[in-house]
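Notes follow once the structure below has been shown.
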Amino acid sequence: MAETSVRPIAGSDAARWRELFRAYGAFYETDFSDEVLDRVWALLLADGSGIDALVAERDGGVIGIAHWRSHPDTFSGGRDWYLDDLYVDPAVRGTGAGRALIEALASMAAGSGGSLRWITADTNTVAQALYDKVATRGHWITYEIRR
C-alpha cells in the first residue's frame, strides 16, 4: 500500500477540497452552499485569516483534509491548537490518513509549546475509535448557542 504524506493545502487542491468538504458537511447533515464553500476556501488560502488546512495525499491524490486554527492560550501563555474539521475519503478510511493528519497537527502544536484539541459528535463512533487511540478523551462539556 502506498504511503500517506501530509502537506499544507494549495490552490491546486480546490476541486478535490470542495468534494471532500461537501461530503464532510453531508455527514453532519449540512448542505454547504457554493457561497459558503467559496468563503471558506478564500479563508484557507488567505494569509492571516486565522484558519488553515493540511491535506493527506496518497499516490498523488488528495484523500483527506484537516482545518485548524491556533490562538493564544490563557492557561499557559503559549499557543492552543484546535482541529476544526477532519475528513478522509470513505474509500481509504482505516489506512492511516486521519492519523497522519492528526499527528502532523499534534507535532506542529508541540513545536509551539501548545496542545491540540478537537470535538466530535457523540454519534461519530468510527472517528472516536481513532481518536481514542491517538489522544486522551477530555472531560470538558461543550455548549453552543445558535441564533
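The values are calculated or read from the model by the stated rules, or taken from the named source; none is laboratory data. Nothing here was measured: the structure is a model prediction, and the numbers come from that model. Here Cβ is always computed from backbone atoms with ideal geometry, including for glycine, and neighbour counts include all displayed protein chains.
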Practice task
Take the stretch 56-89 and flag every residue that is in contact with a helix residue (DSSP H, G or I) (Cβ under 8 Å, 6 or more places away or on another chain) and surrounded by fewer than 13 Cβ atoms within 10 Å (Cβ to Cβ).
Solution key: G61
Exercise for the section: Can you work out which of the residues in the stretch 38-55 that are free of Cβ contacts under 8 Å to residues at least 40 places away in the same chain and of a type in the set (G, A, S) is surrounded by the fewest Cβ atoms within 10 Å (Cβ to Cβ)? Expected result: G48
Practice task
Could you list, in sequence order, all residues of the stretch 123-147 that are β-branched (V, I, T) and closer than 21 Å to A106 by Cα?
Solution key: V126, V134, T136
Handout entry: Residue that is nearest to the chain's Cα centre (by Cα) [pool: residues in the stretch 86-106 that are more than 15 Å from E57 (Cβ to Cβ) and at pLDDT below 95]
Key = R93
Handout entry: Whichever residue in the stretch 1-30 is hydrophobic (A, V, I, L, M, F, W, C), touching a residue at least 12 places away in the same chain (Cβ under 8 Å) and assigned to a helix (DSSP H, G or I) and, among such residues, is surrounded by the most Cβ atoms within 10 Å (Cβ to Cβ)
Key = W17
Handout entry: Residue that is part of a loop (DSSP other than H, G, I, E, B) and in contact (Cβ under 8 Å) with a residue 40 or more places away in the chain, where the choices are A127, A121
Key = A121
